[in-house]
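Visitor: I have a structure here, written as structure tokens, and I will follow up with some questions on it.
Read the figures in this text as sums done on the coordinates, not as results from a lab. Just so it is clear, the structure is predicted and the values come from calculations on it, not from any experiment. Every residue, glycine among them, receives a Cβ derived from its backbone with ideal geometry; neighbour counts consider all protein chains shown.
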Amino acid sequence: MTAPVELLTVTETGNGWIAVGEIDGQTSPQLGVALAADPAKALELDLSGVSFVDSSGLRVLIEAHQRAEQAGGRLTLVRVSPTVARLLDISGVTSYLHVDR
Amino acid sequence: MARRRDSLRTSLRGRLGAVLLVIVGFVGLSALVSGLSIKVWSATLDDRGEARNAARDVSDLKLAYSDQETGVRGYQIAPADDALTPYRDGSALARQMLDRLHARRLDQLDLTSYLAAVERSADQWRSTVAEPTIDDPQAAPTAAVATARFDQLRNDLDALDTAVTAELDRLLDRTDMVRATTFAVVIGSFVATLFVVIAVAMLFRRWVLSPLASISSSARRLGDDDTVELPDYGITELQDVTDAIRSMQASLAEARDRAVTAYEGLAQSAVLALHVRSQLSNELGELPAGWDVESMLEPATGVVAGDCYDLGLVDPHTLYIVIVDVTGHGAVAALDALKAKSQLRAALRSRLEPGAAIEWLARERSGDPEADFMTTAVVLVDIETGACRYASGGHPPMLIVGNGSPVPLDPTGPLVGAFTATWATHAAQIGPGQALVVYTDGVTDTIGAERERFGDARMIDALDGVRHGAGAAVDALRTAVEEFRVGPRYDDLSVVVLARPAQPAVEGASPGPIARMPA
């Protein structure tokens, strides 16, 4: 039997998380659970290893951003891959989120 | 149905244990009785054999004394030493038989007194008749004396013989009786054991097989009627099985109720979905001369689409296109999309510009807690000149294709529902022979082999067919996506292609190059 492919891994770091893989309708709940912790802190989400984000993943990022803002924290998207950066641009949300390319 | 009280219920293990004890006790008792009977029979056979031997000894004893008497009388007639041989052999035989008889142990006969009488008479005959005769045949006692003495001995021997024979007869009778009794006990034990086995089998059938058959039958009937009442049992283990089936029955009933509810809801949703689906299609009547439009909406696998588009006339000269993609799928998302589409159409018919229409929509949705994030694109097209005014709320870039490289129409604001924002209205131009393509990200995000995405490049290649009309372009795109796709469709696919005729419909209208320009 072939082991299921891990579509997304989210690893905690000292100041946030590193996500590797794809963030879509299948995997975005997993990222949402991880990002739900400690919204009051200033944390970073490293997206350098993310090859794809769809509207479901974008929704998770926006909701995490909004929770952090409401809780007095800050979620910064760092080392954003070109693919993800393009999605953020297309969706018109780059200027609304904290993005550090 | 009355339920048995738990206190009246006993375990199958206890019942079978009690039955086993009864069987073991009964078989043990039967074996004991049979063994004792056989032992008594065997002892009786031994006694009978001893009595038979005693009878033969008595017979030999009588013969021995008779030989002695014959020898003495012969010696009296012809006094020669050889004539005493019968006397001497008889004496030895008599002594041997007497020893044997003294050693015999008969069941209910004491030979001692009989043997003592015989020995006493024999001694008297020997001392008063035999020995005087042997010592001096001429001085032998008279025949009358000799006969009287020997008759006494013969009488005692007959008494002994009669007693032994009577004992032998008694033992023969007793042997027959004991044998019959033993056979009766053994056969009786066998028959009784057979009855016990049959009784146990009947109890096993009553306690185990019949209830199991009943439970099995009831469980099978559950397949047709899950309200079937299962009976109670007096046996703990069977009751446990019944309780487990009842629990499963309750779970099934609950699951059935949920399924019925879900089915009814689904049926209602299906009606709603059909209604929504009919509303999702464009409402355009007759297209302006030469304009060609084609669209497709393929919902994600197993759900009602959360995509929605509309195309129609705001006025006789202006055509609008609205497309909405609500995050999520299903009836709720479809209704949300339908509502947004209606709101945008109403805004456009109120003469709002596309950007203002999206802003108005965003305000309307800001107070709706059920409203989800959505992307949208709104386009107004002058059907005489092909001039476009458009706005996009985070929607995948619309494309103008044909006659050169595709021109993307980027968003003019963020997706709707996430932020307080404004949406600008931009301008573009659809030249003669060109087409405006509006789509949702379900097209470009379609997953193929190795999780590769369909992407922009494949979509643009497929849209090359727009030269043959909007329908050809949509068909080519649908075919390309379906051939590329591996696995279920995870997102809705929506495409609207609006193709402008190659020749201007309105004299004087200049197609000019395609260009994006500020509104």
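Visitor: On the principal axes of its Cα set, how long, how wide and how thick is the range B:159-219? Give whole Å, largest value first.
Guide: Cα spread of the range B:159-219 along its principal axes, largest to smallest: 87, 9, 6 Å.
Visitor: Determine the shape class of the range B:325-387: with a ≥ b ≥ c the square roots of the Cα gyration tensor eigenvalues, call it rounded for a/c under 1.5, and otherwise prolate if a/b is greater than b/c, oblate otherwise.
Guide: prolate
Visitor: Please list 3J(HN,Hα) in residue order for the range A:66-82, calculated via the Karplus relation 6.51 cos²θ - 1.76 cosθ + 1.60 where θ = phi - 60°; whole Hz, with x for glycine and proline.
Guide: 5, 4, 5, 4, 5, 8, x, x, 7, 10, 10, 8, 10, 6, 6, 5, x
Visitor: Related question: Using only the Cα atoms of the range B:386-438, what semi-axes does the equivalent ellipsoid have when each is the square root of 5 times a gyration tensor eigenvalue? Give whole Å, largest first.
Guide: Equivalent ellipsoid semi-axes, largest first: 24, 11, 7 Å.
Visitor: Then there is this: Non-local amide H neighbours of A:Phe52 (under 5 Å, H modeled in plane, Pro and chain starts lacking H): which ones?
Guide: Long-range HN contacts for A:Phe52: A:Ile23.
Visitor: Cα atoms only, the range B:59-192: Rg and Dmax in Å?
Guide: 21.0, 79
Visitor: Taking the Cα centre of chain B as origin, work out the dipole magnitude from +1 charges on Lys and Arg Cβ and -1 charges on Asp and Glu Cβ, in debye rounded to 20.
Guide: Roughly 860 debye for chain B.
Visitor: Can you sort B:Met177, B:Met374, B:Met97 so the residue with the fewest Cβ neighbours within 10 Å comes first?
Guide: Lowest to highest Cβ neighbour count: B:Met177, B:Met97, B:Met374.
Visitor: Continuing with the same structure: State the percent of C-alpha pairs, over all pairs in the range A:13-101, separated by a distance greater than 19 angstrom.
Guide: More than 19 Å apart: 28 percent of the Cα pairs in the range A:13-101.
Visitor: Any chance you could list P(r) for the range B:47-102, counting all Cα-Cα pairs in 10 angstrom bins from zero, rounded to whole %?
Guide: For the range B:47-102, the binned pair fractions read 28, 40, 21, 9, 2 percent.
Visitor: Roughly how compact is chain B, stated as its Cα Rg over 2.2 N^0.38 Å to two decimals?
Guide: Expressed relative to 2.2 N^0.38 Å, the Cα Rg reads 2.67.
Visitor: Scan around A:Arg74 for amide H atoms under 5 Å from its own, H built in the peptide plane at 1.01 Å from N, and keep only partners 5 or more places away or cross-chain.
Guide: It is A:Lys41, A:Ala42, A:Leu43, by chain and number.
Visitor: Non-local amide H neighbours of A:Gly16 (under 5 Å, H modeled in plane, Pro and chain starts lacking H): which ones?
Guide: Correct list: A:Glu44.
Visitor: Which whole-Hz couplings ³J(HN,Hα) result when phi for each residue of the range B:387-403 is put into the Karplus expression 6.51 cos²θ - 1.76 cosθ + 1.60, θ = phi - 60°, listed in order with x for Gly and Pro?
Guide: Calculated HN-Hα couplings, in order: 6, 10, 10, 9, 9, 9, x, x, 8, x, x, 5, 10, 10, 10, x, 6 Hz.
Visitor: Thinking of the protein assembly as shown as a set of Cα atoms, what percent of all their pairs are more than 46 Å apart?
Guide: Summing the P(r) tail past 46 Å for the protein assembly as shown gives 56 percent.
Visitor: In whole Hz, what ³J(HN,Hα) sequence does the range B:147-154 give by Karplus (6.51, -1.76, 1.60; θ = phi - 60°), x for Gly and Pro?
Guide: Along the range B:147-154, the couplings run 5, 4, 5, 6, 4, 4, 5, 4 Hz.
Visitor: Right, another one. What's the local net charge at A:Thr94, with K and R +1, D and E -1, over the other residues with C-beta under 14 Å away?
Guide: Every neighbour counted, the sum reads -1.
Visitor: Hey, which lysines would be in cross-link range of B:Lys39, C-alpha to C-alpha under 20 Å, not counting anything within fewer than 8 residues on its own chain?
Guide: List returned: none.
Visitor: Per-residue mean of other chain beta-carbon atoms within 10 angstrom of the beta-carbon, peptide B:483-492?
Guide: Per residue, the average neighbour count from other chains is 1.
Visitor: Take the Cα radius of gyration of the range B:128-232 and divide it by 2.2 N^0.38 Å, with N its residue count; two decimals is plenty.
Guide: Expressed relative to 2.2 N^0.38 Å, the Cα Rg reads 3.15.
Visitor: What's the center-to-center distance, using Cα atoms, between the range B:442-504 and the range B:45-73 in Å?
Guide: Each part reduced to its Cα centre gives a spacing of 131 Å.
Visitor: Cα-Cα pairs above 17 Å in the range B:1-131: how many percent?
Guide: 72
Visitor: Taking every DSSP beta bridge that has both residues in the protein assembly as shown, what percent is antiparallel when rounded to the nearest 5?
Guide: If I count the DSSP bridges inside the protein assembly as shown, around 75 percent turn out antiparallel.
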